[in-house]
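A.B. asks: Take this structure, written in structure tokens, and hold onto it; I'll ask about it next.
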């Protein structure tokens, strides 16, 4: 799937999922923006401070809870770094292999991956 198709597919999944609240959608849009800035890399680094500002989330607890839920719902794979100077990593996922138990689907493929 090309860059545009991957992004379109991800956004269609987000808007059609009735489990998601405005905070999920807001953080998802911020994640999409970061993904675009990383030129649709398979995995990319994120900054909590930047994502919280972009998604208008003020609480660290809400931010982490929302990230965990997006991962549980199969939208992302979140790899925290636990290091103050090293950014955490995100992998956008595809729902083609998503299971009802909330496990992750296959990773989105982009044309930027070599």
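The values are calculated or read from the model by the stated rules, or taken from the named source; none is laboratory data. Bear in mind that the values here come from a model prediction, so they are computed numbers and not experimental data. Here the Cβ positions follow ideal geometry from the backbone for every residue, glycine too, while neighbour counts run over all protein chains shown.
A.B. asks: Scanning the range 64-104 for residues that are modelled with pLDDT under 50 and over 13 Å from the mean Cα position of the chain (by Cα), which turns out surrounded by the most Cβ atoms within 10 Å (Cβ to Cβ)? Don't jump to the end; show me each part of the working.
C.D. replies: At the first step, the residues of the range 64-104 found to be modelled with pLDDT under 50 are 96-104.
Keeping just the survivors that are over 13 Å from the mean Cα position of the chain (by Cα) gives 96-103.
Details: 96: 9, 97: 12, 98: 17, 99: 10, 100: 6, 101: 7, 102: 11, 103: 10.
Among those residues, the one meeting the criterion is 98.
A.B. asks: Within the range 1-20, track down each residue that is more than 18 Å from residue 91 (Cβ to Cβ) and crowded, with 18+ Cβ neighbours inside 10 Å.
C.D. replies: Correct list: 20 only.
A.B. asks: Would you check which residues across the range 25-63 are within 12 Å of the chain's Cα centre (by Cα) and without any contact (Cβ under 8 Å) to a residue 12 or more places away in the chain and list them?
C.D. replies: The answer is 25, and nothing else.
A.B. asks: Since residue 4 meets every condition but one in (1) part of a helix (DSSP H, G or I); (2) farther than 24 Å from residue 84 by Cβ; (3) touching a helix residue (DSSP H, G or I) at 6+ places or on another chain (Cβ under 6 Å), which condition does it not meet?
C.D. replies: Going through the list (1) part of a helix (DSSP H, G or I); (2) farther than 24 Å from residue 84 by Cβ; (3) touching a helix residue (DSSP H, G or I) at 6+ places or on another chain (Cβ under 6 Å), residue 4 breaks only (3).
A.B. asks: Which of the residues belonging to the range 25-43 are buried (at least 18 other Cβ atoms within 10 Å of the Cβ), touching a helix residue (DSSP H, G or I) at 6+ places or on another chain (Cβ under 6 Å) and modelled with pLDDT of 95 or more?
C.D. replies: 27, 28, 30
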